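Notes follow once the structure below has been shown.
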Ligand code: S3P
C-alpha cells in the first residue's frame, strides 16, 4: 500500500481578497478615516492600495493586516502622475475603472502579461454608455486602458455574463451619475460591494436580479474586520474532505451565500462540513468551518451553481480527482478568461498526472479516484489557483509533484505552501 497523508489541525487563512480590494477603494472614496482589520496583504490587493495612493489617498499600515485609510471624499482625487500598474489583478483594473470613469482627469491602467490578455470590453461598454471615454488595445477590449473620466449618466445595464467585477464597476460609477444606475444580472454574483455601500450610507436597492444604486454626495468611513477568504479556505476544505479520517478547522471564514457554492457541492459529494458559531461581522456572514474527511462521490455541477464557486473550480477538480466516479462541471466558460484558461490548464495538468479527464467549451469532467503519476512536472500558467490546486492534489494523494512557478501564489495567499505542510503530514 502507498503512503497516506494525515490531515489535522486548525488553519487560519488570510482575509478575503474581494472584500480587501473593495475596502481600500471604498474607504478612499469616503470622508474621514476608515479602519480595516483582517486586510489581505497580498500582491493583488497591494496593487489596489498603490492605485489609490497614486490618486492622493493616505494609507497607513498599522500592521500587515490592519490599515487606516484617510479618504479624500468622492470628488477630490488627484490625477495619477504615471501609468497605474494593476499587476495580475483584474479586480483592481475592472472595479477601479468604475471610479476612474467619474474623475475629471485621465488615467492609464496596465498590468502584467496575463492581465493584458484579459477581456476589458465588458467594463468598457457600460462605462462608455454612461459617458466615460475609454480606449484600449484591440478595439478598446484589452489593456492598457486609457480612461478619461467625466460627467456620467444613469443607465440600466443587462450584463451578458454574471460578473461581480463588472457589476461593481458600474455601481461605483453610478454613485457619480446624474440619475440611478440599474444592473441586471443573469445569475447572482457576489454582493460585497452592495453590502459595503449600504453600510457606508449609500442607497442600494436589490430586487430580484436587479440592483440599483442612487447617486451619492458622500460615503461614511468604514470600520470593519474582513473575514477569512472562503476561496483561500477552499484548498484546505477540499484537502480535508478528500482524505478519510481528516479533521480540520478553519476559523472566521466569510460564508456569504453567494460564495459558498463549493461547500454545497462538496456536501453533495458526501463531505461532512459544518458551520460552527455562525455570526455576522462587517455586514457579512461568518462561521468557523469544520471538516471531517471521508470518501467522496461524484456530482454534476449545473450552470446556475457556477457564479457562487467561480474561483473554486480548480480546487473542485482536485476533489473530483480524489472522488470515486465521474464529476462534470458545465456553464463555466468564464473560467477560460480568468488569470489563466482554467479549464484548459486543469485538464492539461491533470492529464499529465494521469488523471482521467476532458474538456467542453464551457466546462470539464474528471473521473476519480486518481492514481497520480510520480515525479511529473506540471505547469501553473502563472495562475495562483492552479498552483495551489496542484499542490493540494499532490498532498492529498501523497505523491510529490514538481510545479513550475509557484511564486504566483503570492497574488492571493502568501504563506500557503507552509500552511499546507503544517496540516498535511
Ligand atoms: C471577483 C469576482 C470574480 C472572481 C474574481 C474576483 C470580485 O470575477 O473570479 O476572482 O472581487 O468581484 P468576475 O466578476 O469577473 O466573475
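Structure values in brief
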item: Subset of the range 13-27 (residues that are assigned to a helix (DSSP H, G or I) and in contact (Cβ under 8 Å) with a residue 60 or more places away in the chain); result: 17, 18, 19, 20, 21, 22, 23, 25, 26, 27
item: Some residue of the range 278-291 being within 16 Å of the ligand (Cβ to nearest atom), assigned to a strand (DSSP E or B) and touching a strand residue (DSSP E or B) at 6+ places or on another chain (Cβ under 9 Å); result: yes
item: Residue selected from the range 332-367 under the condition part of a loop (DSSP other than H, G, I, E, B) and over 18 Å from the mean Cα position of the chain (by Cα), by the criterion surrounded by the most Cβ atoms within 10 Å (Cβ to Cβ); result: 355
item: Filter result (under 17 Å from the mean Cα position of the chain (by Cα) and under 19 Å from residue 365 (Cβ atoms)) within the range 254-306; result: 261, 262, 305, 306
item: Where residue 263 falls short, out of the listed (1) without any contact (Cβ under 8 Å) to a residue 40 or more places away in the chain; (2) out of contact with any strand residue (DSSP E or B) (no Cβ under 7 Å at 6 or more places or on another chain); (3) surrounded by 19 or more Cβ atoms within 10 Å (Cβ to Cβ); result: (2)
item: Top-ranked residue in the range 146-173 [being part of a loop (DSSP other than H, G, I, E, B) and under 25 Å from residue 114 (Cβ atoms); ranked as nearest to the ligand (Cβ to nearest atom)]; result: 163
item: Extreme residue, surrounded by the most Cβ atoms within 10 Å (Cβ to Cβ), among residues of the range 292-312 that are outside any strand (DSSP E or B) and away from the ligand (no atom under 16 Å from the Cβ); result: 296
item: Tally, over the range 372-418, of residues that are assigned to a helix (DSSP H, G or I) and either buried (at least 19 other Cβ atoms within 10 Å of the Cβ) or assigned by TED's automatic domain parsing to the domain that holds residue 92 (or both); result: 18
item: Options 26, 46; residue that is in contact with a helix residue (DSSP H, G or I) (Cβ under 6 Å, 6 or more places away or on another chain) and not assigned by TED's automatic domain parsing to the domain that holds residue 399; result: 26
item: Among residues of the range 174-202, those that are away from the ligand (no atom under 12 Å from the Cβ), crowded, with 18+ Cβ neighbours inside 10 Å and in a loop (DSSP other than H, G, I, E, B), counted; result: 4
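Quick grid of which residues meet (1) within 16 Å of the ligand (Cβ to nearest atom); (2) in contact with a helix residue (DSSP H, G or I) (Cβ under 6 Å, 6 or more places away or on another chain); (3) in the same structural domain as residue 160 (by TED's automatic domain parsing):
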residue: 84; (1), (2), (3): no, yes, yes
residue: 92; (1), (2), (3): yes, yes, yes
residue: 104; (1), (2), (3): no, no, yes
residue: 112; (1), (2), (3): yes, no, yes
residue: 123; (1), (2), (3): yes, yes, yes
residue: 135; (1), (2), (3): no, no, yes
residue: 141; (1), (2), (3): yes, yes, yes
residue: 144; (1), (2), (3): no, no, yes
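Residue by residue, here is whether (1) within 16 Å of the ligand (Cβ to nearest atom); (2) more than 23 Å from residue 425 (Cβ to Cβ); (3) modelled with pLDDT of 95 or more holds:
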residue	(1), (2), (3)
328	no, yes, yes
358	no, yes, yes
364	no, yes, yes
385	yes, yes, yes
391	no, no, yes
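The values are calculated or read from the model by the stated rules, or taken from the named source; none is laboratory data. Every value quoted in this text rests on a predicted model; they were computed, and no experiment measured them. Positions of Cβ are backbone-derived with ideal geometry, glycine not excepted, and every protein chain shown enters the neighbour counts.
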